[in-house]
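None of the figures in this text is laboratory data; all of them are computed from the coordinates on show. This one's a predicted model, so the numbers in the text were calculated from it and none came from an experiment. Cβ sites come from the backbone with ideal geometry, for glycine too, and all protein chains shown count toward neighbours.
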Amino acid sequence: MNAQDAVLETGYQSGIPPVNYLNIKTTLASWLLTKDHKRIALMYLVSVSVFFMIGGLFAATIRLELLTPASDLLETGTYNKVFTEHGIMMIFFFLIPSIPAVLGNFLIPIMIGAKDLALPRINLISLYIYWFAGALALYGLMVGGVDTGWTFYTPYSTTFSNTYVMIVGLAIFINGFSSILTGLNFIVTIHTMRAPGMTWFRLPLFVWAHYAVSLVMILGTPVVAITVLLLAIERVSRVGIFDPSIGGDPILFQHLFWFYSHPAVYIMVLPGMGVVSELISNFSRKKIFGYEFIAFSSIAIAVFGFLVWGHHLFVSGQSPYAGMVFSFLTMVVAVPSAIKMFNWTATLYKGSVSFDTPMLYGLGFMGLFLIGGLTGLFLGSMGLDVHLTDTYFVVAHFHYVMVGGQVIAYLGGIHYWWPKMTGRMYSEFWGKISAMLVFVGFNLTFFPQFLLGYMGMPRRYAAYPPEFQVLNIFSTAGASVLGIGMLMPVIYLVHSLKFGKPAGDNPWMLPGLEWRTTSPPPLENFATPPVVTWEAYEFGEGSGLDLEEARRRAAAPAIL
Amino acid sequence: MAEHHHENDHEHIAIPGYLGVFAVLIVGTILTYFVATIDLDWIFPGANTLVALLIAFTKMACVMLFFMHVRWSPRLIWLAVAASFFWLAIMFAYVMQDYLTRSTGVFTQ
Amino acid sequence: MSTHGHSDKFVYHEPGLQHQFSDMEQQEESVSIGMWMFLVQEIMFFGGLFTAYLVFRSKYPMAFAAGSNHLDAFWGGLNTIVLIVSSLTMALTVYYAQKGNRNLQVIFIILTMLFGATFLGVKAIEYNDKYHHGLVPIAGLNLRAKGTAGAEQHPEGKPCWEVAGHSAEPAAEHQYVNPKGEFEWADCSLAKLAQDEGYLTTAEQIGYFSNGELDGNKFRDKVRIFYYLYFVMTGLHALHMIVGLLLMTWLLWTAYKGYYNADYYMPVEMSGLYWHFVDIVWIFLFPLLYLLGRHFLHAGH
């Protein structure tokens, strides 16, 4: 038996296996033409990080401009472009792909005990489409950008805007197909590729969350695709159904746009909730409370998320009766999210909680998503929304759920599964420091914005009344702290690639299926295809995890 | 050696069956063409549209069930088909609930 | 590249079985669910257009009826029959692929492609007709025809509901004049009919009138919306048809090489699903676009 087989035979082992998915082939072609879901996930990781940084630069520009009441750093026209581009980069090219395309792609086959996704070539095509769309969007930004807001409302975007709506709109249209193909792949994989013994109710909640997300991707994304297409046709041909002067209706654009874009926010946050379920359960060393409730609430959020889009149209001219229906349903859609929060809290109770970096992010999510979610209910009440809409209250709300929720969950997931993906442990000390910087910086940035919005500061304005300046300065100061907190992981994570301690298969002694293969995993994920005989989050005797042996062999993770 | 894994899905429907479905589709097309010329609005406004849609749904059902083999497909496929119609219905209904309840409404005179 | 744990062991892989699957049944199940998920998203894609159609038809039914009456239901009906026949030949292609009959597979694929191409040919005829009659809703994209001096589209002074019957065709003695290639529509008789009989919708009561008078220009704008939706919906459908023909070309080549038999015919079945989906979209487009106003024409008006 050769060394390679010997290494693979032993299953558990300490350190990094000499042959794994990272080093099995190292040519450029073996990366760019790969069908391996793990390599595709890493390429997505690099790409979304690039877009995140570009979006972050736009955010920095916004906060710098808003230090002073006058529009002195940027002209208003330029400011319009900056916040539009911040939104487009962050939403379409970072938030929507981040957890599914990076963590989902990497982990779903491993978590279900499969060799790869069901349709690896579709996975690769999805990546190519994402790159092409991203390049096109960047090109559009470089030649002059768009100033319509990421929401592209008509008739400004169709008739009056003099910016590059077509190019950026086309980029978003193309990017939609990347999302659709990823979702399609996940649904097929989860249905057909589960290992023997891996029943639906033994799946990790991360997988349930991604199944729900994939449903939303498939059902919602095509609608925004056709909407952007109609927008493009109307812009080019100067006639269309959104043009009020010929009897068209601009509000129809808003209906069709938000039919996708509201479920899109659930595309962004549901995977984050899936990550948090993993973090809370595993770092409390306790089976998650209410597994079925969390699983079904993911599906419920996906379904109900399609029924509430009109809450973005309360003041648009939509009928108030329709508004009432949407307002009521908005209250209803909060319930499954609340169920999750209660279940996570109950999981913590009497658990053996360890405050490793990923857990800090998980706990941060719970607190920040709570605030974001509750303020969403304020905005969902039609009467209150009349006062709060288009103010900084809305901006603060969605940043709490998107950044305080999704980005923090994403960072938590990256840190949690970093040892699995790379075989290395990062510095726990710097991890904790940056988690705390992110938490403090985030709250300092966005909490003042609730106050600003309530007091009446409008969103998307470069200039504001001088009495709002103090809170804006707090917000910009917080943004600097947040920026540092987010840059630090880039440094210490990259540093760990070369200098980090080898993690071993299971640095935290956890029962999940992904921790029962080497770190990094072999090309086909498992030395021998697994047969699952234990329940999800099984920390007791039934998990089949030989803790003594694992402890003996595994390298201890670095703690401070 | 190649296994036959298709014991139960060979020849869902033979040639006569396909021709029968085809005949239904052609009849449906001719029917919808001629019914459209008859004014049915004395029954209730929109009756013509309703009849046309009923015929179209029947034709679609024939194509889906027999040509696309949905009749013999696993329940997951049935669920996918049902879900897509349900989602279309959500989109139509919730958009129209706005337009129908505006003061410049559609059915109010 | 294989690192199956004991990679030296010979493992029989059926031809066409991809490495991530453990057996053909799993591959077929996966491909089938994958294709149906794709069709689900296609349904939602067209659904956005049907929503727009629903909104504007319920707002301006008379304008839609008028516009629809000028579409030639003969060509539309013919196209419907053509597509249904092509669906039959597609279904038979799958049937013969399953039976492993290479020659009949190839024949039926060719027939399917022939009917698909016929569909596109008829569409080209229709679009060309619209081009010649000033019915392309985009200004400048209609046939530009400068008239001789003094020729007019319509006699002056006639209100828009007394113009040349139910069609937009100018009466024989008038020349088609459209120097800028604008959208041309002059006949608002259906609006007048609805006004007289009292079944204009509220949106129409505002949308067709200026200063209490029926305004031909405003009516024309609503008809323009109909033609916009007509071109976008049938155009997107035709685009899908072209993709279908490309798919059929690939299928023809592989079927000719004899790839498909009782054990491996999923690509044919999946291509068939796509083709039938395109047919179903047309089954709805035909009555909704071509037939919606016919009963006004024939009910003695």
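Kyte-Doolittle cut-off 0.5, length cut-off 27 Å along the helix's own axis using Cα: show which whole DSSP H helices in chain A pass.
On the way: long enough: A:37-65 (41 Å, 1.20); A:120-143 (35 Å, 1.28); A:165-192 (41 Å, 1.71); A:205-237 (47 Å, 1.79); A:250-283 (49 Å, 1.00); A:320-348 (43 Å, 1.15); A:357-380 (34 Å, 1.51); A:428-455 (41 Å, 1.06); A:469-499 (45 Å, 1.32).
Sorted by number, the helices that extend far enough and score high enough are A:37-65, A:120-143, A:165-192, A:205-237, A:250-283, A:320-348, A:357-380, A:428-455, A:469-499.
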Please list, in chain and number order, the residues 5+ apart from A:THR391 or on another chain whose amide H is under 5 Å from its amide H, with Hs placed from the backbone.
A:ARG459
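Rounded, prolate or oblate, given the Cα gyration tensor of chain A, with a/c below 1.5 counting as rounded?
Values: a/c = 1.72, a/b = 1.62, b/c = 1.06.
Prolate shape, in that a/c is at least 1.5 and a/b is the bigger ratio.
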For the stretch C:202-265, state what percent of all Cα-Cα pairs lands in each successive 5 Å bin, counting from 0 Å until the bin that includes the largest distance.
4, 14, 12, 10, 9, 8, 7, 7, 6, 5, 5, 5, 4, 2, 0
Once phi for every residue in the stretch A:528-538 is put through the Karplus expression 6.51 cos²θ - 1.76 cosθ + 1.60 (θ = phi - 60°), the whole-Hz ³J(HN,Hα) values, with Gly and Pro written as x, are 10, x, x, 10, 8, 10, 10, 7, 5, 6, 8
Residues of type lysines that A:LYS498 reaches as a straight line, Cα spacing below 16 Å, ignoring anything fewer than 8 places off in the same chain
A:LYS420
Cα centroid separation, the stretch C:45-85 to the stretch C:225-282 (Å):
21
Checked against the positive end of the charge dipole of chain A (+1 on Cβ of Lys and Arg, -1 on Cβ of Asp and Glu, about the Cα centre), the farthest of A:ILE180, A:GLY169, A:VAL303 is A:ILE180
Starting from the amide H of A:PHE242, placed 1.01 Å from N in the peptide plane, find each other amide H under 5 Å away whose residue is 5 or more places distant or on another chain.
A:ASP249
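Counting helices only, and only those DSSP H runs with n ≥ 4, report the 222 nm mean residue ellipticity of chain C as the sum of -39,500 (n - 2.57) divided by its residues, in deg cm²/dmol to the nearest 500.
On the way: 9 runs with 184 residues, N = 301.
Mean residue ellipticity, 222 nm, calculated: -21000 deg cm²/dmol.
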Overall form of chain C per C-alpha gyration tensor (a/c, 1.5; a/b vs b/c)
prolate
Could you pull out every residue, at least 5 positions away or on a different chain, whose amide H is within less than 5 Å of the one on A:ARG424? Hs are placed 1.01 Å off N in the peptide plane, and Pro or chain starts have none.
A:ALA503
Give me the net charge for the shell around C:PHE209: Cβ to Cβ below 12 angstrom, other residues only, Lys and Arg +1, Asp and Glu -1.
0
Farthest toward the dipole's positive end in the protein assembly as shown, which of B:PHE92, C:SER87, A:VAL395, given Cβ charges of +1 (Lys, Arg) and -1 (Asp, Glu) about the Cα centre?
A:VAL395
Divide by every residue of chain A the summed helix terms, -39500 (n - 2.57) for each DSSP H run of at least 4, and state the resulting mean residue ellipticity at 222 nm, rounded to the nearest 500 deg cm²/dmol.
-21000 deg cm²/dmol
Express the relative contact order of chain A as a whole percentage, based on alpha carbon pairs under 8 Å and six or more residues apart in sequence.
20
The alpha-carbon center of the stretch A:470-521 and that of the stretch A:115-137 are separated, in whole Å, by 25
From phi via Karplus (6.51, -1.76, 1.60), per-residue ³J(HN,Hα) for the stretch B:76-81 in Hz, x at Gly/Pro
4, 5, 4, 5, 4, 5
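Determine the relative contact order of the stretch A:117-222: mean sequence separation of Cα pairs under 8 Å and six or more apart, normalised by residue count, in whole percent. Numbers along the way, then the final one.
Values: 97 pairs, mean separation 38.6, N = 106.
For the stretch A:117-222, the relative contact order is 36 percent.
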When the Karplus curve 6.51 cos²θ - 1.76 cosθ + 1.60 is applied with θ = phi - 60°, which whole-Hz ³J(HN,Hα) does each residue of the stretch A:511-526 get, with x for Gly and Pro?
x, x, 5, 5, 8, 9, 10, 6, 10, x, x, x, 4, 9, 6, 9
Among the Cys residues of the protein assembly as shown, which have no other cysteine Cβ under 4.7 angstrom away?
B:CYS62
Residue by residue through B:29-39, how many Cβ atoms from other chains fall within 10 Å of the Cβ on average?
6
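For chain C, what are the DSSP H helices with axial Cα length of 30 Å or more and mean Kyte-Doolittle hydropathy of at least -1.0? Numbers along the way, then the final one.
Working: long enough: C:24-59 (52 Å, 0.47); C:73-99 (39 Å, 1.04); C:102-132 (45 Å, 0.57); C:216-256 (58 Å, 0.71).
Span-like helices, by this rule, are C:24-59, C:73-99, C:102-132, C:216-256.
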Under 15 Å, Cβ to Cβ, from A:VAL146 - net charge with Lys/Arg +1 and Asp/Glu -1
+1
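Quick check: from the Cα gyration tensor, does the stretch B:9-99 come out rounded (a/c under 1.5), prolate or oblate? Could you put the intermediate results ahead of the total?
Details: a/c = 4.76, a/b = 1.27, b/c = 3.75.
It is oblate, given that a/c is not under 1.5 and a/b is not larger than b/c.
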Report, as an integer, the average count of C-beta atoms from other chains found within 10 Å of each Cβ along C:278-288.
5
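Normalised by the number of residues in chain C, what is the relative contact order in percent for Cα pairs under 8 Å and 6+ residues apart? Mind dumping the intermediate values first?
Working: 341 pairs, mean separation 84.9, N = 301.
For chain C, the relative contact order is 28 percent.
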